[in-house]
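Scroll down for the structure; my scribbles are underneath it.
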Amino acid sequence: MSAETIQCPACRAQFGLQQKCCPNCGRWMAARGFTFYFFWVALSLIVVALVGDILHSGFVMLTRLL
């Protein structure tokens, strides 16, 4: 495998970096840039914040009952 080619994870065919899909099986090669990782980091932080808020609210309600 040279520096200008990549290997398809589905069919293991070799093709150029400029191609957007594998010429052998047709699988699209997704470009994972800053936006991709920013989206998943932001979504993870939102989920963690929501879970933390739910747990905090539950403990507050529990201490009021006791």
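The values are calculated or read from the model by the stated rules, or taken from the named source; none is laboratory data. Bear in mind that the values here come from a model prediction, so they are computed numbers and not experimental data. Every residue, glycine as well, gets a Cβ built from its backbone with ideal geometry; the counts of neighbours run over all protein chains shown. Keep in mind that these areas ignore ligands, DNA and RNA; they rest on the heavy atoms of the full protein, side chains included. Shrake-Rupley method; radii C 1.70, N 1.55, O 1.52, S 1.80 Å.
For the chain, give the percent of accessible area contributed by carbon and sulfur heavy atoms, probe 1.4 Å, rounded to a whole number.
The nonpolar share, carbon plus sulfur, comes to 69 percent.
If each DSSP helix of 4+ residues adds -39,500 (n - 2.57) and the sum is divided by the residues in the chain, what number results at 222 nm, nearest 500 deg cm²/dmol?
Rounded to the nearest 500, the figure is -17500 deg cm²/dmol.
Roughly how many Å² is the accessible area per residue of the chain, as a whole number, for a 1.4 Å probe?
On a per-residue basis, the chain sits at 89 Å².
Give me the tail of P(r) for the chain as a percent: Cα-Cα pairs with distance above 15 Å.
When all Cα pairs of the chain are counted, 69 percent exceed 15 Å.
Sort by residue number and name the cysteines in the chain that have no neighbouring cysteine Cβ under 4.7 Å.
CYS21
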